[in-house]
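One structure below.
Please treat every number below as a calculation from the coordinates, not as lab data. Computed from a predicted model, the values in this text were never measured in an experiment. Glycine also receives a Cβ, built like all others from the backbone with ideal geometry; neighbour counts cover every protein chain displayed.
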Amino acid sequence: MDVLARIKRLIVRRRYRFAVKALVELDEDGLEPEDALEAVLNAQAIKKTLRSQSPRRGRVAEKLYVIESFSYRGALLYTKGKIAREAGEEVYYFFISAKASRYVD
C-alpha cells in the first residue's frame, strides 16, 4: 500500500495527533484541525518526503511527509507529518505542522 493511502487510513480510523505547534499555526490562520484532516484526505499525492534533521532523533532520521491540498471549504493547506510507530507498528499520523499554504506556482 502506498504511503499516502496508509496516512489516509490512519486518519479515517481517527489515529492521528497534532503537535501544539500545528494547532497554533492553524489557529493563527483562522483554520480548524478538521481543515488539515480534510486536506490530507483530499490529497492526490505527497508533495515531498524529507528526512528529519532533529538532533533529538539520534542516529535514525525519520521520514516526514509534506502534503499540500485543499480542505472542503477550499482553503489550501500545507501539512507536514510523520507516521508514528510503537514496537514497530504504525500507531498514528502525527501532524508536526499545519497551516495555510503560501506557496504559489
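Helices in the chain, meaning DSSP H runs of at least 4 residues, each add -39500 (n - 2.57). Divided by all residues, the mean residue ellipticity at 222 nm is -8000 deg cm²/dmol.
Seen from ASP35, the other residues with C-beta closer than 12 Å to its C-beta sum to a net charge of -4, counting Lys and Arg as +1 and Asp and Glu as -1.
Restricting the calculation to alpha carbons of the range 1-44 gives Rg and Dmax of 11.2, 35 angstrom.
Please tell me the relative contact order of the chain in percent, rounded to the nearest whole number, where contacts are Cα pairs under 8 Å and at least six residues apart.
Values: 184 pairs, mean separation 32.9, N = 105.
RCO, the chain: 31 percent.
Stokes-Einstein diffusion for the range 1-102, with the hydrodynamic radius set to the Kirkwood value over Cα pairs and evaluated at 4 °C in a medium of 1.567 mPa s, equals 95 µm²/s.
Would you mind working out the magnitude of the charge dipole of the range 3-100 relative to its Cα centre, with +1 at each Lys and Arg C-beta and -1 at each Asp and Glu C-beta, to the nearest 20 Debye? Numbers along the way, then the final one.
On the way: 20 positive and 13 negative charges, 134 e Å.
Dipole of the range 3-100, to the nearest 20 debye: 640 debye.
Projecting the Cα positions of PHE95, LEU31, LEU76 onto the charge dipole of the range 3-100 (unit charges on Cβ atoms of Lys, Arg, Asp and Glu, taken about the Cα centre) puts PHE95 furthest along the positive direction. Neighbours of LYS99, meaning other residues whose beta-carbon lies under 13 angstrom from its beta-carbon, give a summed charge of -4 when Lys and Arg score +1 and Asp and Glu score -1. For LYS48, a cut-off of 16 angstrom between C-alpha atoms picks up these aspartates and glutamates, skipping any fewer than 8 places away in its own chain: ASP2, GLU62, GLU68, ASP105.
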